[in-house]
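Structure, as structure tokens:
The values are calculated or read from the model by the stated rules, or taken from the named source; none is laboratory data. These figures come from a predicted structure and were not determined experimentally. A quick note on method: Cβ atoms are made from the backbone with ideal geometry, for glycine too, and the neighbour counts reach across all protein chains shown.
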């Protein structure tokens with residue numbers, strides 16, 4: 001759920017920021033007309049830009065809250081819908097899923113709540129992820145270097161160097 005929230009927030013900020021930049025460009029082009037009206041263009045630009053920025057922040061908050069609420073309610077409704085469907089009905093009615101369950105007894109057992117025979121777990125790293133700016137020590141023969149992972153990665157992947165250690169940032 002945290003990745004969904006992060007996606008919604010970043011998507012809203014990105015889209016609204018781009019709109020804000022286009023609006024600021026339009027303001028910059030039209031601010032010269034204010035000088036004709038005997039107003040200081042710099043002061044007018046600053047006040048308009050500030051009000052546009054306040055509107056941007058308000059719009060970001062509104063959109064994030066709206067999308068988070070909409071996604072959480074639709075996600076919970078979708079999960080409830082899936083729980084309400086019987087398992088054998090899902091496999092028989094969906095195209096391509098009938099082949100997934102060959103044995104009807106297995107479909108009945110799955111709908112009865114018995115554990116599945118094959119469990120697929122997510123792939124886990126054997127070592128922690130190395131960030132691009134993490135310092136690593138690499139070695140080829142007797143030669144040892146200490147570099148950032150960004151520069152050391154191509155050497156390790158294709159240059160005969162081996163990763164000795166890394167210090168996370």
In region 8-18, is there at least one residue being part of a helix (DSSP H, G or I), touching a residue at least 60 places away in the same chain (Cβ under 8 Å) and out of contact with any strand residue (DSSP E or B) (no Cβ under 9 Å at 6 or more places or on another chain)?
yes
In region 1-13, the residues that are surrounded by fewer than 11 Cβ atoms within 10 Å (Cβ to Cβ) and modelled with pLDDT of 85 or more:
6
Could you grab me the full set of residues in region 24-71 that are exposed (fewer than 14 other Cβ atoms within 10 Å of the Cβ), touching a helix residue (DSSP H, G or I) at 6+ places or on another chain (Cβ under 8 Å) and either at pLDDT below 85 or not assigned by TED's automatic domain parsing to the domain that holds residue 9 (or both)?
32, 35
Set 106, 127: member being at pLDDT below 75 and part of a loop (DSSP other than H, G, I, E, B):
127
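Please go through region 19-43 and pick out each residue that is more than 30 Å from residue 66 (Cα to Cα), assigned to a helix (DSSP H, G or I) and within 38 Å of the chain's Cα centre (by Cα).
Once the filter is applied, which keeps residues that are more than 30 Å from residue 66 (Cα to Cα), assigned to a helix (DSSP H, G or I) and within 38 Å of the chain's Cα centre (by Cα), region 19-43 yields 28, 29, 30.
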